[in-house]
Structures are given as C-alpha cells and as structure tokens.
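Peer 1: Below is a structure I'd like to ask you about.
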Amino acid sequence: MTARRAGLAWLLTAGLSVAGAQNLSAYGALATQLDGAVQARAQSAEAALNRLDAAGAALDQLAPTLRNQQIVSGLRDALDRSRGALARTPAELQAQVLLARGLMRKALYDQSLAALGGQPADEDAQLRVLAREFGLTGAAAQALSADVKAGQLERAAWRLQRSAVQKVSAALQATQAQQTTAAYVNLARATGWFTVVQDSSSAGSLKLSQFGDALRQLTGGDTAALTTSLTTLRQGAQAFSRALATPPAPSGTAGAAPTPTPGPATDAAGSASGQTGAETGSAQTGGAQTGAQEAAGAAPVTPSPATPATGSADAAYAALGRALGASSHGDPQTTRAALQEAATQLGRATTPLRDTAEYAALQRALDAAQTRAAPRPSDVQALIGGLANAEQAARGEGSSALNRAALGTAGWFSGWLRALVFLLLGLGALAPLYLLNLAFGGRNMYWRAITAGLVLLLLPLFLEGIFGFLGALGDTLGGGALAALSNVTLSQGAYALPIWALVALAALGLLTYGFRGLCVQFGLMGDQGSAAQATVHHTAIDWDEDV
C-alpha cells in the first residue's frame with residue numbers, strides 16, 4: 001500500500017511545477033477526427049485521409065499545451081503510421097488510431113491530474129473530459145469529481161487506473177492466439193490502454209514491451225509464442241486489477257495536493273512507439289471485423305466498496321427499455337424523452353463500439369426517432385436490434401441482417417407516413433365488402449357468412465388505419481387520451497395477439513361455413529339428388545334469391 005501510494009503521489013505531482021491547462025477543445029477535435037477516420041475508412045480511403053489531415057491540424061493546436069514532448073513526438077509518428085495504414089487494411093488503421101488514442105489519454109491522465117492539484121479554473125471541464133475518455137459515467141463520474149474537489153487526487157487516480165485496467169483485461173480476454181483482424185485490433189486496444197497506466201506502481205511485472213512482443217508475434221504469425229505471451233499478459237492484468245481492488249485511504253486535508261516524490265520522467269511516447277510493433281504489417285484477415293466491446297465503466301474484476309459505473313451501452317439499453325414501455329401504452333412524450341436519453345448515453349460510448357458502421361447507423365436512427373410523430377413499439381424494437389448489432393460488430397461477430405433491415409425500414413416507414421398509409425388501406429378495405437354485398441345481396445345466409453368472415457379478416461387492417469391515425473393526430477395535437485387510441489390497434493403489443501387469433505379463428509369458421517354451403521347448393525358436396533334438383537331450380541328462379 002505504501003509503495004502504491006508513493007507511486008501515485010509521484011504520478012500526480014511529478015509535473016506539477018510545469019503543469020498547465022491542455023487545450024481541451026483541440027484534444028476533443030483530435031479524438032473526434034481520429035475516431036472518425038476509422039469509421040470513414042470503411043467507405044473511402046480519401047475521406048479517412050481528410051480526417052487524418054484534420055487530426056494533424058488539431059494536434060498542432062494541442063502540442064504546445066502538452067508538457068511531455070515525447071508524447072507529442074509519439075502522436076506525430078502515430079499519425080504518420082495511420083496515413084501509411086490507409087494503403088493496407090481498415091484494421092491496420094484502427095490499430096494505429098487505438099495506439100494514438102492511448103498516447104492521448106496518457107498525456108491527459110498525467111497532465112490533468114497534476115493540474116487539478118492546483119484547483120484550476122477549468123476544473124469541471126477537465127473532469128468531464130477525463131470521465132468521458134476513461135468511460136466513467138453516472139455514479140462513477142460523480143465519485144471521480146467528488147474525490148478531486150475534496151483534494152483526494154490519489155483516489156481519483158485510482159479510479160482512472162482501475163477503469164483503464166478493466167479495459168486492458170477485457171481486450172486481452174477477447175484476443176485469441178490467431179492471426180486475425182479481431183485479435184490484432186484487440187491486442188492494439190489493450191496496448192493503448194496499458195500505455196496510459198504503464199508507470200503505475202501497481203502494474204507489477206507487467207511491462208509495455210510485453211505488449212509490443214505480442215503484437216510482433218501476432219503479425220509474424222508465431223501463434224505458439226503468442227499463446228504464451230497472452231497467458232502472461234492476462235495474468236499480469238489480473239494481478240494489476242487485484243492490486244487496485246482496494247481504494248487508497250483518504251489522506252491529507254481536503255483541497256491539499258499530495259507531497260511531491262521525485263521520480264523519472266514518463267516515457268510513454270517512446271515506449272509505445274518503440275515497442276508496439278504496430279507498423280510491422282497488418283494481420284491476415286477474412287473480413288473487416290472489429291474487436292471485443294470495451295468494458296467501459298464496468299464493475300472491477302475484484303469487488304470493491306466503490307459503486308461500479310454503468311457502461312454506456314447498458315445505459316442505452318435501459319433508456320430504450322423505458323422508451324419501449326412508454327410506447328407500448330401510447331405515451332409518445334415519455335417515449336421521445338427516453339429516446340433522447342438513449343442517444344445521450346450512446347454518445348458516451350468509446351471504442352470499439354463507436355468505431356463500427358452499425359454504431360453510426362444507430363446514431364442516425366436515434367436522432368431521427370427523437371422527433372418522430374406517434375412512435376410505436378416496433379420503432380423502438382428496431383433501435384434495440386440496431387444496438388445489439390453494434391455490440392456484435394464491436395465484438396468482431398457478424399451482425400443480424402434482419403435487425404439491419406428493421407432499423408432501416410423503421411427509419412422511413414414510421415410516423416405520419418405509416419399512419420396515412422394504413423388509414424388509406426383501412427378505408428380501402430370497405431370497398432371489396434361493399435362490392436360483395438352489391439353483387440350478391442344479403443338474403444342468402446351463406447353469402448352473409450362469407451361477408452362476415454371477410455370483415456373479421458380485414459378488421460386488424462381497419463383498426464390499424466383508423467386508430468393508428470387518431471393516435472398520430474393526438475400526438476400532434478398534444479391530446480393524451482387521443483394519442484392513446486393507438487392501443488386499440490392489434491399491432492400495439494402482445495396483449496392483442498390472442499384477440500387477433502380469436503378474430504382470425506372466427507373469420508375462418510364463417511368463411512368455411514359460407515363456402516361449404518355454396519358448394520352444397522352448387523352440387524359439389526352433399527346429396528347428389530338434392531344437388532341435381534337444386535341445379536334445375538336454379539334455371540327457374542333469380543340468382544340472388546337462390547344463391
């Protein structure tokens with residue numbers, strides 16, 4: 001405990017004398033452009049290059065505010081390697097970006113915590129960036145802020161380290177000893193996150209050079225050595241996590257920074273760029289896949305008294321569940337509010353989730369759904385399927401084509417378009433019933449049975465058209481009771497399925513009875529003598545009276 005606290009104290013104060021505020025706007029722009037380059041690469045190498053050029057401009061603005069010039073040099077090298085990766089595979093670019101993001105977080109971690117010891121004017125802004133970059137949301141983000149404001153910087157550093165180590169462990173667990181895209185990206189992700197906390201006294205025997213060796217073994221196809229390296233890395237990450245299981249005890253007076261402890265300068269940039277081996281070539285792939293989902297804000301491997309943060313994907317699922325519940329009983333206002341919360345939570349997602357094309361499609365769908373009139377349960381179900389697809393893609397798995405189709409369909413066939421189309425179909429269902437009655441009249445009980453059966457078969461369409469339209473009208477006019485009329489439709493929820501089944505059963509019974517009666521009258525079924533007599537009788541009386 002003493003050694004760990006001494007290491008944390010040094011880490012927080014080693015740069016205190018030279019610590020200054022980073023350009024947080026430039027930092028955010030650099031992160032956005034790097035992440036955007038990975039997304040754009042799937043469609044166009046030129047678009048990805050434009051993103052990288054914009055990232056270079058953002059780095060030029062950020063560099064003067066970074067105190068560790070080795071990290072600045074490492075970031076410039078990572079950008080150069082990212083441009084070179086455009087000529088190879090999307091996975092190579094993603095790996096380079098992951099390594100660059102690790103260097104960025106290292107600079108943010110070291111310099112921001114050192115600056116926060118002096119209670120800067122932009123303290124809240126720095127805390128927001130730290131929480132977002134390390135995947136801390138909800139209670140975990142609040143705990144980080146409370147520790148910093150109370151002057152407990154060692155506890156703040158512990159929270160950030162623990163979050164980073166969770167992501168290292170998750171990425172290593174998802175890495176298989178195979179020369180695949182998923183393994184390459186996951187190992188690069190683990191390397192980037194370990195870069196952030198490589199100087200921690202709790203790291204034990206785990207070194208950045210071990211990650212670099214594993215990357216070289218993977219790109220070189222030495223799976224036997226890679227298997228051994230992965231075992232060592234996983235054991236080291238587990239030991240690291242155990243060392244961070246217990247938070248440091250409160251120290252000092254609230255608002256006081258830890259006492260500086262001399263230590264060597266951090267060489268994160270040199271270690272990452274010199275040891276990762278990321279530029280040795282891309283892994284052989286069978287298709288473009290991304291790695292496993294990061295454990296952003298997840299509970300630690302070993303339980304601790306601290307409240308675990310909720311992952312952005314889990315929080316988005318929870319918000320979508322509330323939206324589904326509200327839409328299922330015709331409450332469009334609450335539905336849209338829950339959808340807005342889901343979009344907010346999804347916006348906090350980090351790599352690899354945000355690096356997938358499915359994530360971008362889901363973001364667009366969520367943005368559109370927040371302003372859509374008369375949201376229905378099927379719309380929210382499509383969004384949930386889209387989130388499931390994004391998670392599968394982030395784990396390097398194939399996504400569901402049915403979920404993709406549902407998300408795309410809900411994007412255009414919903415709201416007023418859906419209400420108007422079904423209104424026209426519902427009203428149009430009256431036309432064949434009218435013509436049937438006009439042609440054959442209503443004096444024959446068999447034709448009456450057939451007409452009744454057709455009415456029941458078309459009833460769901462009629463209810464959807466009339467009450468779906470009234471529900472959309474109520475949503476637009478702000479009438480709660482009118483908006484709830486969509487509950488009368490048989491497509492609103494599971495409660496309507498048995499009603500639909502009973503209506504269909506009655507319709508089939510009436511149609512069967514009616515058509516069988518006609519067959520008997522026409523002599524196609526029943527007693528042949530009666531049928532012949534009925535045939536003679538048909539020539540003597542009016543069709544409408546007999547049939």
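Peer 1: Go ahead and run the numbers for FRET between Trp416 and Thr65, Cβ-Cβ distance against an R0 of 56 Å, rounding to 0.05.
Peer 2: Details: r = 50 Å, r/R0 = 0.89.
For R0 = 56 Å, the calculated efficiency reads 0.65.
Peer 1: Given Cβ point charges of +1 (Lys, Arg) and -1 (Asp, Glu) and nothing else, what value in debye, to the nearest 20, does the dipole of the stretch 91-212 about its Cα centre take? Walk me through the numbers before you get to the answer.
Peer 2: Numbers: 12 positive and 9 negative charges, 55 e Å.
The dipole magnitude comes to about 260 debye.
Peer 1: Then there's this: Can you compute the modelled spin-label distance between Val488 and Asp122, with each label point 7 Å from Cα toward Cβ, in nm?
Peer 2: Calculated label separation equals 5.8 nm.
Peer 1: Ranked highest first by average number of other Cβ atoms within 10 Å, how do 34-46, 392-404 line up?
Peer 2: Numbers: 34-46: 19.5, 392-404: 17.3.
By packing density, highest mean first, the sequence is 34-46, 392-404.
Peer 1: Roughly how many nanometres apart are two label points built 7 Å out from the Cα toward the Cβ at Ala368 and Gln333?
Peer 2: Label at Ala368, label at Gln333, 2.7 nm between them.
Peer 1: Select from Ala390, Leu346, Leu420 the residue farthest towards the positive end of the dipole of the stretch 333-462; place +1 on Cβ of Lys and Arg, -1 on Cβ of Asp and Glu, and compute about the Cα centre.
Peer 2: Positive-end residue among those listed: Leu420.
Peer 1: Using 0.36 nm per residue, how much length does the chain from Met525 to Asp80 gain when fully extended, once their Cα-Cα distance is taken away?
Peer 2: On the way: separation 445, 0.36 × 445 = 160.20 nm, distance 8.45 nm.
Full extension from Met525 to Asp80 adds 151.7 nm.
Peer 1: State the answer as a single residue: which of Tyr27, Gln96, Ser112 lies farthest towards the positive end of the charge dipole of the stretch 26-144, with beta carbon charges of +1 for Lys and Arg and -1 for Asp and Glu, about the Cα centre.
Peer 2: Towards the positive end, the residue furthest out is Gln96.
Peer 1: Three principal axis extents, largest first, for the C-alpha atoms of the stretch 346-396, in Å?
Peer 2: Largest first, the stretch 346-396 extends 35, 17, 14 Å along its Cα principal axes.
Peer 1: Among 211-217, 191-197, what's the highest-first ranking by average C-beta atoms within 10 angstrom per residue? All intermediate terms of the calculation are to be shown ahead of the outcome.
Peer 2: Details: 211-217: 23.6, 191-197: 29.7.
The packing order, highest mean first, is 191-197, 211-217.
Peer 1: Report the local net charge at Val196: Lys and Arg +1, Asp and Glu -1, summed over other residues whose C-beta lies under 10 Å from its C-beta. Intermediate results must be reported in sequence, preceding the final value.
Peer 2: Values: positive: Arg101, Arg105, Lys106, Lys167; negative: Asp110, Glu133, Asp199.
Here the count lands on +1.
Peer 1: Report the paramagnetic label zone for Tyr513: residues of the stretch 439-455 whose backbone N is under 16 Å from a point 7 Å from Cα along the Cα-to-Cβ axis.
Peer 2: 443-455
Peer 1: Among 468-475, 432-439, how do they line up from the highest to the lowest mean number of other beta-carbon atoms within 10 Å? Provide the component values of the computation, followed by the final result.
Peer 2: On the way: 468-475: 23.2, 432-439: 11.6.
Descending mean neighbour count gives 468-475, 432-439.
Peer 1: Can you give me the Cα centroid spacing of the stretch 88-126 and the stretch 480-512 in angstrom?
Peer 2: 55 Å
Peer 1: Counting Lys and Arg as +1 and Asp and Glu as -1, each charge on the Cβ, what is the dipole of the stretch 320-470 about the Cα centre in debye, to the nearest 20?
Peer 2: Details: 12 positive and 9 negative charges, 69 e Å.
In debye, rounded to 20, the stretch 320-470 gives about 320.
Peer 1: Give the lysines reachable from Lys207 as a straight Cα distance under 30 Å; neighbours fewer than 8 places away on the same chain don't count.
Peer 2: Excluding near neighbours in sequence, the set is Lys106, Lys167.
Peer 1: Here's another thing I want to ask about it. Debye sum, Cα scatterers, the stretch 442-511, no solvent: what log₁₀ I/I(0) at q = 0.25, 0.27 1/Å?
Peer 2: One equal scatterer on each Cα of the stretch 442-511 leads to -0.97, -1.05.
Computed from the coordinates by the stated procedures, all read-outs in this text should not be read as laboratory data. Small disclaimer: the values here were computed from a predicted structure and weren't measured. Cβ: placed from backbone, ideal geometry, glycine included. Neighbour counts: every protein chain shown.
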